[in-house]
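The values are calculated or read from the model by the stated rules, or taken from the named source; none is laboratory data. Every value quoted in this text rests on a predicted model; they were computed, and no experiment measured them. When we count neighbours, we look across all protein chains shown, and the Cβ atoms used for this are built from the backbone with ideal geometry, even at glycine. Protein only, heavy atoms only, side chains kept; ligands, DNA and RNA dropped before computing areas. Shrake-Rupley method; radii C 1.70, N 1.55, O 1.52, S 1.80 Å.
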Amino acid sequence: MAAQKIKKGDRVVVLAGKDKGRTGEVVRALPKEGKVVVSGINVHARHRKPSQTNPQGGIERKEAPLHVSNVAIATADGKPSRVRFEVRDGKKVRVAAKTGDLIHG
């Protein structure tokens, strides 16, 4: 299996959908499904009836997963970039294709 190009903690830009152009941090990566959950992006509301565990009920807002192809790593200036793998100092590292900067994470 190939290494993941986008991981938890990465700063990403949304490329498609209702939140296109917005940036956020990856909260969860779901590699088997090829999806990521980004904080504050793709927020869905679920109306909950009052129950014993939640006597108040109300609207529950939660981030839904986005397909990994709809997000890209954000460079230092906030622009999207593809990810490339390189071997530097004997280690395989992720590099932003646009700038050549190392991606920490």
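Which pairs in the list 20/92; 18/92; 62/98; 32/79; 8/49; 18/62 are over 24 Å apart, alpha-carbon to alpha-carbon? Over 24 Å Cα-Cα: 20/92; 18/92; 62/98; 32/79; 8/49. Taking all protein chains together, 19, 77 sort by accessible area into 77, 19, largest first [probe 1.4 Å]. The charge dipole of the chain, taken about the Cα centre with unit charges on the Cβ atoms of Lys, Arg (+1) and Asp, Glu (-1), comes to about 220 debye, rounded to the nearest 20. The heavy atoms of residue 84 present about 90 square angstrom of accessible area, all protein chains included, probe 1.4 Å.
Note on the chain: along the principal axes its Cα atoms extend 57, 27, 18 Å, ordered by decreasing extent.
The distance linking segment 1-33 with segment 54-92 is 2 Å (Cα centroid to Cα centroid, whole angstrom). Using a probe of 1.4 angstrom, how much of the accessible area of segment 1-81 is carbon and sulfur, in percent? On segment 1-81, the fraction of accessible area on carbon and sulfur atoms equals 50 percent.
With R₀ fixed at 41 Å, the C-beta to C-beta distance from residue 44 to residue 99 puts the FRET efficiency at about 0.75. So, counting K/R as plus one and D/E as minus one, what does the shell of residues with Cβ under 12 Å around residue 70 add up to? In short, +3. Using DSSP to call loops (not H, G, I, E or B), can you name the GluC sites (Glu not before Pro) in segment 16-105 whose Cβ has at most 13 other Cβ atoms within 10 angstrom? For GluC sites (Glu not before Pro) across segment 16-105 that sit outside H, G, I, E and B with at most 13 neighbouring Cβ atoms in 10 Å, the list reads 33.
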